[in-house]
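The block underneath contains the structure these notes are about, expressed in structure tokens.
The values are calculated or read from the model by the stated rules, or taken from the named source; none is laboratory data. Every value quoted in this text rests on a predicted model; they were computed, and no experiment measured them. Note that we place each Cβ from the backbone using ideal geometry, even for glycine, and neighbour counts take in every protein chain shown.
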Amino acid sequence: MTGAPFSLGPRNSTPRVMLKVLAALVPGIVAHYWFFGPGIVVSLLLTSLAAVGFEAFVLLMRNQPVRLHLTDGSALVTAWLLALSLPTLAPWWLYVAGSFFAIVVAKHLYGGLGQNVFNPAMVGYAALIVSFPLYMTQWPAPLELAVHAPGWADAFDLVFAGQGALSPDAYTSATPLDSLKTQILAGRTVEAVLGQPIYGLLGGVGGEWVALAFLAGGAALLAMRLTTWHIPLAFLAAVALSAGALHLIDPARHAGPLFHLMTGGVMLGAFFIATDPVTASTTPLGKLVYAGGAGLLTVVIRTWGGFPDGVAFAVLLMNMCVPFIDDYTQPRVFGKTARLRRRAP
Amino acid sequence: MSTQAHEVPAEVAAGEAGLQALGDRWAELREILHNGLWKQNPGIVQLLGLCPLLAISNTVVNSLSLGLATTLVMAISSGSVSVLRNYIPQPIRIPVFVLIIAALVTVVQLFMNAYVHPLYLVLGVFIPLITTNCIVLARVEAFASKRSTAHAVLDASAMGIGLTLVLVVLGGLREAVGKGTLLSGLDLVFGPAAAAWTVHLAPGYQGFLLAILPPGAFIGLGLLIAMKNWLDLRAAKEQRA
């Protein structure tokens, strides 16, 4: 913990904060709907229902006030972040299993809201990508590039009834990150790969606009003072700097900083996931170290790791370091000379 | 004179004392069993011997085979150390214990290599690693080196079976959740005909890889420990009520 004042006042009670975070996510969701079709609405509905259901179930089991905790909106925020990290149009049980891991395992087994060590949505994502790599790498193609653009009926069919007659090749494509990685391994240069149509202007058709919408939502969070600048800035700067350094060393094998900022989960991660007040570092210097480490690890995992995107694992790894970082970055208390340390040196 | 009439005859007293002694010995044996199987269970209370528990408990067959191999090594090594306890010099006892355990593990390893070769290949390095399993050395040092041979063998067997039970439950959970089967791999022990004995719980189950991977072992073990604590708490509550 940092020093006083601790009280936030009624303007920033938990339900209000959660509601504002949900509102800040809306531009990204709209952009996602616009470029990738109605799948995102179905997955948001499913994760929300499952998360609220699991939350109510565990609260009942733990003899906690169900209504008070359900209406704080924290389960909904987790559900939305999870849905935005998962591929849309996947089978329904994938979303339910992800919500189970997020709410039951990551949140309540650790003691509920405020006690969890790891970001619940990212635990849900990690459990799924480790267990079901096939479904987790089938991302719907942007509508303008898809052979068959799925509509509302297709979306519900694919999620609840399985693939049926529609072949996955008709509506999915490799993500920009995934396809860049495999093509570089196959010996092509970044320049040649980035000329292909799915890469768009900045990082990927559709994906780049979704990323910009998250950036706008994040800017709104900053303007509402729901988060400080430390974590988003340090996260984005670390991603840009490490990707830039790699790009300078070998431009044929490593994409530039702009590509890394605009693809995958970096924007969502920087403003909405790494900033989770429960699992992030709380001291100003600690926030910089925590988010900087997460940004660096993201690029490291993207470049040398086995998974195409690294935001989830980077955030989870840095979540683990938070108690340690907080302990070593306590700010000087006014009127004292030495830094405040929780433990005697 | 009247007091003499109330005195208990000598032989009856001896008999009662004998019965009392027998009851005491029975209670001691029961306590050893209870400690190994529940109260001091190595898998979910002492948390000793986690290396095989976490690494190999992905199917029932693997769990049971490694659990039984460990139990066998524990029983024989505790027995041998208890026999030799008065001849082992105190300052170098640990190396001597480890030598005895390592020799027995080699015997078990050669035996498994000869008679259940496919299973030997699956369990791989975890058979020789029984030597370093701390529960074996822990029972030898804490119990067998101080107690009579019969008690030492009973204690080691109870502890070994307690560990095996936890391994089997954990293996069953991980196999059922991870692969949707039970008893897969029986053919490794009983030959190809046993492959048909595998129980398929849900046809068309996709599998849940996390349960098979090491994180599944940690999560599963955590749930088992929680369940044990919950049962103990409930029993304590009932006793108070």
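Below, the figures for the structure above:
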quantity	calculated
Residue in the stretch A:255-277 that is within 15 Å of the chain's Cα centre (by Cα) and at positive phi present	yes
Residues of the stretch B:181-229 satisfying the condition of being away from chain A (no Cβ under 12 Å) and of a type in the set (Ser, Thr, Tyr)	B:THR181, B:SER184, B:THR198
Any chance A:LEU81 is within 23 Å of A:PHE214 (Cβ to Cβ) and in contact with a strand residue (DSSP E or B) (Cβ under 7 Å, 6 or more places away or on another chain)	no
Single unsatisfied condition, A:LEU166 versus (1) in contact with a Pro (Cβ under 7 Å, 6 or more places away or on another chain); (2) surrounded by fewer than 17 Cβ atoms within 10 Å (Cβ to Cβ)	(1)
The one condition in (1) closer than 29 Å to A:ALA153 by Cβ; (2) in contact (Cβ under 8 Å) with a residue 12 or more places away in the chain; (3) away from every other protein chain (no Cβ under 14 Å) that A:ALA90 fails to fulfil	(3)
A:ALA280, sole failed condition from (1) within 16 Å of the chain's Cα centre (by Cα); (2) over 21 Å from A:VAL117 (Cβ atoms); (3) aliphatic (A, V, I, L, M)	(2)
A:GLY98, sole failed condition from (1) more than 14 Å from every other protein chain (Cβ to nearest Cβ); (2) under 18 Å from A:GLY265 (Cα atoms); (3) in a helix (DSSP H, G or I)	(1)
Pairs with Cβ under 8 Å, 6+ apart, first in the stretch B:109-130 and closer than 18 Å to B:ALA194 by Cα, second among the charged types (D, E, K, R)	B:PRO118/B:ASP187
Residues (assigned to a helix (DSSP H, G or I) and either more than 10 Å from chain B (Cβ to nearest Cβ) or buried (at least 23 other Cβ atoms within 10 Å of the Cβ) (or both)) located in the stretch A:130-141	A:SER131, A:MET136
Long-range neighbours under 8 Å by Cβ, at least six apart or interchain, first residue more than 22 Å from B:PRO118 (Cβ to Cβ) within the stretch B:44-62, second among the charged types (D, E, K, R)	B:ILE44/B:LYS228; B:VAL45/B:LYS39; B:VAL45/B:LYS228
Test for A:MET224: is it at negative phi, surrounded by fewer than 20 Cβ atoms within 10 Å (Cβ to Cβ) and at pLDDT 85 or above	yes
Near pairs, Cβ below 7 angstrom, 6+ apart or cross-chain, from the stretch A:224-238 (of a type in the set (Phe, Trp, Tyr)) to any residue that is surrounded by 22 or more Cβ atoms within 10 Å (Cβ to Cβ)	A:PHE235/A:GLY269; A:PHE235/A:ALA270; A:PHE235/A:ALA274; A:PHE235/A:ALA291; A:PHE235/A:ALA294; A:PHE235/A:GLY295
Test for A:VAL104: is it at pLDDT below 95, in a helix (DSSP H, G or I), in contact with a Leu (Cβ under 7 Å, 6 or more places away or on another chain) and within 14 Å of chain B (Cβ to nearest Cβ)	no
Search result, residues across the stretch A:24-48 that are surrounded by fewer than 23 Cβ atoms within 10 Å (Cβ to Cβ) and either without any contact (Cβ under 8 Å) to a residue 12 or more places away in the chain or not in a helix (DSSP H, G or I) (or both)	A:TYR33, A:PRO38, A:LEU45
